[in-house]
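Participant: So that we are looking at the same thing, I have put the structure below in structure tokens.
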Amino acid sequence: MASPFAIDPRVKQEFGSLLKKGFYVKLLSWDRDGNNSDERTDNYHIKYVKLLRSKTFSKILFLLSALLFQFVAFFEGLKLLQQVGKLLVHANDFNTFLGALLLKFFFPRKIKVIYDSHELTPAVYSEWYGPVVGSIIGKFEKKIVKRFDALIGVSPPIVSHLKAIAGREKNVYLIWNYPSQVVIPSLTKPQARQALGLPQDAFLLTYVGTLRTDVALLELIDVLSALKQQLRHEPTLFSKKFKVIIVGDGPLYDELVHRISEWKLEEFITIVGRVPRKTSLIYLRASDLSYILFKIKGMNTKIGMPWKLFESLVCGTKVLVLEKTYAATFVKNHTAGYTIKTLDPPFLAKKLISIMQSQTEFNNSFDFLWEQQETLFIKIYSELYQKFF
């Protein structure tokens, strides 16, 4: 996997399901921060790979590290193959694609590969490195993915993409980014607010996740600054106290803290920083609205289904997403929240006021849980395993 195991819910759940069903699991994790230590038991081995690191994010350095990680994955797989004879290799996204391919190429009878795609690969590389690179990566993925034994996508658009490039004869499965039942808070909203020290009588808008540059958080700061000025003239603008909670860290953290302080917005917004996953879900449970607005940078953003969307819904919290995205289609189909046409701050301010004034109770009838999909996930592994024996 191309991210630290400690912070990736999807891989943690897949890892736990495999252990529960008796598989021995070796997990190779690209430790981008270099803060994790290897773990080993009789049932699993988590190996953290520390590659090129920098104090500031660099796309070029990231690309070089991703390439190195592919070869590390190949050699680690080679060592394990020598010990056990045959392997089921689970490749998470394109950053582990080449390592899995090399193992499959050199040992076709001893290796079976499950390709688990969490994003639209050509679109991601087009957004990051330009359309030429995106096109090259797309052609490579299309040519190679047919060699793999099973394909998994996390949303219908990604599944459709995989089916189109792999051919009808390949098995492509849809396994959503649903959270596990074990992490869902048992607290009510009032209890969650009490546990976190949040006001019971406020309207709480929460963003939970990485503070990435493509999240519309700076626009939200602009909105709060404008609302602060408007409240001077319309003290009854809000029907109740309005509070924003940001939970997480990342590239935008320092700039957000600076703007909040500079514009004296502490009354309206609090940045909590990174917290354990269970705590982040308590924040979602406590909230009235989950802020899931991203700047559209390309097709991958349009079809994205953020992990926190499902976590919000199972916590009984409505979501706010951008129109003309797959997330918006999903939200409308399930009456799961609100959509907005533009990230323009004045329009966003009006939308938030409207939501707050028309707030209704959320009848949470959703059952978007990992346990629903676990049977299919294990079935994929079991069928490939049986082909070895």
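Participant: For K240 and E39 in the same chain, what is the full-extension length gain: residue separation times 0.36 nm, less their Cα-Cα distance, in nm? Please list the in-between numbers first.
Facilitator: Numbers: separation 201, 0.36 × 201 = 72.36 nm, distance 4.85 nm.
My answer for the length gained is 67.5 nm.
Participant: Just need log10 I(q)/I(0) for the stretch 181-357 at q = 0.09, 0.13, 0.16, 0.17 Å⁻¹, Debye formula, equal scatterers on the alpha-carbon atoms, no solvent, rounded to two decimals.
Facilitator: -0.29, -0.62, -0.98, -1.13
Participant: For V89, list long-range residues whose amide hydrogen, built 1.01 Å from N in the peptide plane, is under 5 Å from its own amide hydrogen.
Facilitator: Placed amide hydrogens put K112, V113, I114 under 5 Å from V89.
Participant: While we're here: Please list the non-local residues whose amide H lies under 5 Å from the amide H of K26, H modeled 1.01 Å from N, same-chain partners needing a gap of 5 or more.
Facilitator: H45
Participant: May I ask you to derive the FRET efficiency for Q191 and H258 from their Cβ-Cβ distance with R0 = 35 Å, giving the value to the nearest 0.05?
Facilitator: 0.55
Participant: Can you give me the Kirkwood hydrodynamic radius for the stretch 171-222, using every pair of distinct Cα atoms, in Å to one decimal? Don't skip to the end; give the middle numbers.
Facilitator: Values: mean 1/r = 0.0678 Å⁻¹.
Result for the stretch 171-222 stands at 14.8 Å.
Participant: Let me ask something else about it. Take every DSSP beta bridge with both residues inside the stretch 181-357 and express the antiparallel ones as a percent of the total, to the nearest 5. Can you show the working numbers first?
Facilitator: Working: 1 of 21 bridges.
Once the DSSP bridges in the stretch 181-357 are tallied, antiparallel ones form about 5 percent.
Participant: Using the Cβ atoms and a cut-off under 11 Å, what net charge is assigned to the surroundings of D93, where Lys and Arg are +1 and Asp and Glu are -1? Walk me through the numbers on the way to the answer.
Facilitator: Numbers: positive: R10; negative: D8, D116, E119, E141.
Overall, the nearby charge balance is -3.
Participant: Quickly rank 284-291, 240-247 as a protection proxy: mean count of other C-beta atoms within 10 Å, highest first.
Facilitator: Averaged packing, sorted descending, gives the order 284-291, 240-247.
Participant: Amide H of V319: which non-local residues (sequence gap of 5 or more, or other chain) have their own amide H closer than 5 Å, using H built in the peptide plane?
Facilitator: Under 5 Å from the amide H of V319 lie the amide H atoms of S290, G337, Y338, each far enough along the sequence or on another chain.
Participant: I would also like to ask the following. Work out the FRET efficiency for E371 and K139 from their Cβ-Cβ distance, taking R0 = 41 Å, and round it to the nearest 0.05.
Facilitator: According to the calculation, E is roughly 0.60.
Participant: Under 4 °C and 1.567 mPa s, how fast does the chain diffuse according to Stokes-Einstein, given a Kirkwood radius computed over C-alpha pairs? Answer in µm²/s, whole number.
Facilitator: Numbers: Rh = 22.5 Å.
The diffusion coefficient I find is 58 µm²/s.
Participant: Something else: In the neighborhood of A328, defined by Cβ-to-Cβ distances under 12 Å, what is the net charge if each Lys or Arg adds +1 and each Asp or Glu adds -1?
Facilitator: +3
Readers should treat all values here as calculations from the given coordinates under stated rules, not as data from a laboratory. Quantities reported herein were computed from a predicted structural model and do not represent experimental measurements. Neighbour counts are summed over all protein chains in view; Cβ atoms, including those assigned to glycine, are modelled from backbone coordinates with ideal geometry.
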